[in-house]
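Have a look at the structure below before the remarks.
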Amino acid sequence: MKILVINAGSSSLKYQLIDMETEQLMAKGLCERIGIDGHLKHSPLVGGKPVFDEDISLPTHSEAIAAVIDKLTSPEYGVVASMKEIDAVGHRVVHGGEKFASSVLINDEVMAALEDCTPFAPLHNPANITGINACKAVMGDVPMVAVFDTAFHQTMPGKAFMYAIPYEYYKNDGIRRYGFHGTSHRYVSSRCAELMGKPIEELKIISCHMGNGSSIAAINGGKCVDTSMGFTPLVGLPMGTRCGDLDNGVVQFLMNKYGYSIDEMLNILNKKSGVLGVSGVSSDFRDLDKAAAEGNERAALALDMFHYWVAKVAGSYVAAMNGVDAIVFTAGVGENSKETRAAICQYFGYLGVKVDEAANSKRGEDVMISTPDSPVKVFVIPTNEELVIARDTRDIVG
Ligand code: AMP
């Protein structure tokens, strides 16, 4: 069975074609500037075909999907003979609200429910829906599955997901914590259990997804019991450009003082804050590491804040789960920055965590970076959200 995984943004569309017999990635690519002009980078990964990397006209997502199918099946760049070889499509969908606690076969009812979830993710869900509709238009009745970023967190108990505001806002409007990066947290926690050789039902795992956006999840017995993002992905840890947790009084103060509209204020909190805002240097941790090493104090402060917040939130999850067996680092920063991992692990001395420096220097593979005698194990596990989407799609489509 071959499955096409689609992650549609408002002007971009990422894809992977995966052969599920071997879980081998056959091709991957990215359409960009959809609706503006258009660019497609298509990389075949089997059969020794060349990469296609050119500007092409992409007025809408439908043309983008058509271009992807064209490249996947073309004699020059293709990896399959025809579209008939693509058995199903798995779509990443950001927000499933309380309606979706797991992945689902897409039908008309599901499409209507996705529309209902749009107010919760007004930037992301419409793009995901557009991607699904474009696929339907081009691929006809090939079965399609939606896999949600929020679904894994639906097991959180009320004490973790509720905000302490009047209850009717939850009841009438769905205002609660939903959490994001669920597919990634689910993948790395289940891989962590495999690496430990234990059933996930017996493990307490803290998963730290640290990329441009960052979140932490507490996973007890394979179920998420808490996570750091909330109603939106703005809160929790300070991130590349997002502020993380912030006193709402600050919003009122700044809006009053500078006359910002709510959109201007949210733009500052989403795009100009986080480690970029504090350092004034960059949202990219590589630039921050370099600047801090050159003596830039604000870059060093931004990094210190990030390490501190990861340790502080993870520590609160040790309390929430009354213990922890393993801590996992993943995503761009978690997978690549040994300095960040080492700095965070210093805070875990109270858990007896000891880092093996040689293991912590490895890259690009699943690795245990704690010493064998460390009572709490620490892992680096490269995330693979596309594989989870493909596996769910296979399981649902059968
Ligand atoms: P992601 O959102 O998971 O794609 O992560 C992207 C982020 O990973 C970038 O913004 C960088 O800050 C970070 N990153 C990637 N490579 C490294 C590295 N070698 N050292 C530190 N940070 C890195």
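Computed from the coordinates by the stated procedures, all read-outs in this text should not be read as laboratory data. Please read these numbers as outputs of a predicted model, since none were measured by experiment. Please note: Cβ atoms are built from the backbone with ideal geometry, for glycine as well, and neighbour counts cover all protein chains shown.
Here are some notes:
- Only listed residue being within 15 Å of the ligand (Cβ to nearest atom) and touching a helix residue (DSSP H, G or I) at 6+ places or on another chain (Cβ under 9 Å), chosen from Asp226, Asp284, Asp245: Asp284
- Qualifying residue in region 324-333 (condition: surrounded by fewer than 16 Cβ atoms within 10 Å (Cβ to Cβ), touching a residue at least 12 places away in the same chain (Cβ under 8 Å) and away from the ligand (no atom under 14 Å from the Cβ)): no
- Filtered residues of region 334-379 (kept if among the charged types (D, E, K, R), assigned to a loop (DSSP other than H, G, I, E, B) and away from the ligand (no atom under 12 Å from the Cβ)): Lys354, Asp356, Lys362, Glu365, Asp366, Asp373
- Residue in region 189-209 that is of a type in the set (A, V, I, L, M), in contact (Cβ under 8 Å) with a residue 12 or more places away in the chain, away from the ligand (no atom under 16 Å from the Cβ) and assigned to a strand (DSSP E or B) present: yes
- Just one of (1) farther than 20 Å from Thr22 by Cα; (2) out of contact with any helix residue (DSSP H, G or I) (no Cβ under 6 Å at 6 or more places or on another chain) fails for Leu40. It is (2).
- The set of residues from region 36-56 being of a type in the set (A, V, I, L, M) and in contact with a strand residue (DSSP E or B) (Cβ under 9 Å, 6 or more places away or on another chain) comprises Leu40, Leu45, Val46, Val51, Ile56.
- Scope region 260-281; condition more than 15 Å from the ligand (Cβ to nearest atom) and more than 23 Å from the chain's Cα centre (by Cα); matching residues: Tyr260, Ser261, Ile262, Asp263, Glu264, Met265, Gly280
- Answer residue from region 287-323, given it is among the acidic types (Asp, Glu) and more than 12 Å from the ligand (Cβ to nearest atom) and is nearest to His185 (Cα to Cα) among those: Asp304
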